[in-house]
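Input: a single structure, listed below in structure tokens.
We did not get these values from a lab; they are worked out from the coordinates using the rules stated. Note that the structure is predicted; figures quoted are calculated from it, not measured. Here the Cβ is made from the backbone with ideal geometry for all residues, glycine too, and neighbour counts use every protein chain on show.
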Amino acid sequence: MGRPAGWMKQLTGRDAMRSPGAPSLRREVERQFWIQIASGITSERAAEAVGVSQAVGSRWFRHRGGMPLFMSKPVSDRYLSFAEREEIALLRAQDLGVREIARRIGRSPSTVSRELTRNAATRGGKLEYRASVAQWKSELLARRPKPAKLAMNPRLREYVQERLEGSIHDARGREVSGPRQTPFIGRNKPHRGDRKWVNGWSPEQIANRLRLDFPDDSSMRISHEAIYQALYIQGRGALKRELVSYLRTGRALRTPRARSQAKAWAHVSEEVMISCRPPEIEDRAVPGHWEGDLIIGLDRSAIGTLVERASRFTMLVHLPREVGYGQIPRTKNGPPLAGYGAVTMANALKKAVTKLPIHLWQSLTWDRGKELSDHARFTVESGVQVFFADPHSPWQRGTNENTNGLLRQYFPKGTDLSRWSDQEIQAVALTLNNRPRKTLGWKTPAEALNEYLESAT
């Protein structure tokens, strides 16, 4: 025999609700999670900070597209908190009355009475107050889902979608197909490859163009942020998820501004900043101070570049791939097999240092790349002091950046650099060192360095 119809409403004053399963504090915990994300840390660290698993934190971040649906403001004090509900449950278990419970928690008796009735568990056909179930019911009924404007206005949705993914045409109006794009799989950092040719308007362009195309139609209005939410947040249901690949960046997730500004440079400390570099390095009067970087090719191939600041003498560092690359499946936090891991890079630089007299190796200025995160060991074993440039400041290593541009004549972008042997790249370095330079009075770097060596003896 089942229970009579309407028994739940008679008991609690509410219609029957689905079973909560395993009630949780998801709303409050997730609010704290997004507060942590706003500080600039990763989803894994944010999940650890609020006491949930890394998988849960990653799922929350991915499901929201990097954009929380609710802001991280605390819930108003006019609503019962979970701590208050726990206190109500404990006092109720002590058979205290409604007025006494209300007096102890500082709430009105009507609030406590309504809470004990409407948010109580009903398993067994009787009211049983449990804080976790009460919190779950409160959060479920507190939701006020607002339908997306794009989902309610087909004409507006068609306009936005056409500007995002519409085909391109030539001057005669004929459609130009362009390259074929690989299917969208939802990854945040798509690999280099052909992208479909589309209109590719940005959400901001679309939002502002609506005012010009429909000046008298107020229904054809939408903010660019609403378009981003329709693209990035799963479950909004207004725009196809794959449309994010037609944006300029092609990202499947938004990155909070604080996170992009708070990159972790754990290997860079204050004592190795370029601001601590001795002033005699700046004037280029004495050789022995170098600038270094990597040039990157396809399939994680790379060549190390070293340029002496005074003579512009160039050295290239061969970085062959480690044994097992392309054969051993890549694992998170596994050994770097591409050829420019921290240990491999430090060893390769130490080997390069031994090719020149010791007094020609006094300092090395590098960018913020993590390939030199083992710089402390390199300094101890080689005696070369390492300094790191400021973030996004390539002009602080202008000589090296210019040389990398010259090297692209021989090693173009988008090519596999691992196919070149050490003998071949040294031939390129020899060519550059025997090319006259205007800044050296049309001497070659090799001649400038040789003059210094002869004068030092």
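Approximating the spin labels as points 7 Å out from Cα along Cα→Cβ, the residue 175-to-residue 368 distance works out to 4.4 nm. Between residue 55 and residue 299, residue separation times 0.36 nm minus the direct Cα-Cα distance comes to 85.0 nm. Sequence-distant contacts, meaning Cα pairs under 8 Å at least 6 residues apart, place the relative contact order of the stretch 149-258 at 30 percent. In terms of surrounding Cβ atoms within a 10 Å radius of their Cβ, 380, 133, 244, 29 rank from fewest to most as 380, 29, 133, 244. Annotation: extensible slack from residue 38 through residue 77 equals 11.7 nm (criterion: 0.36 nm per residue apart, minus Cα-Cα distance). Restricting to Cα pairs below 8 Å that are 6+ residues apart, what does the relative contact order work out to for the stretch 270-456? Please round to a whole percent. The normalised contact order for the stretch 270-456 reaches 27 percent. The stretch between residue 219 and residue 377 holds 50.4 nm of extra length on full extension. This uses 0.36 nm per residue minus the Cα-Cα distance. Between residue 396 and residue 249, the distance separating the two model label sites (each 7 Å from Cα on the Cα→Cβ line) works out to 2.4 nm. Arranged from fewest to most other beta-carbon atoms within 10 Å of their beta carbon, 201, 395, 136 become 395, 201, 136.
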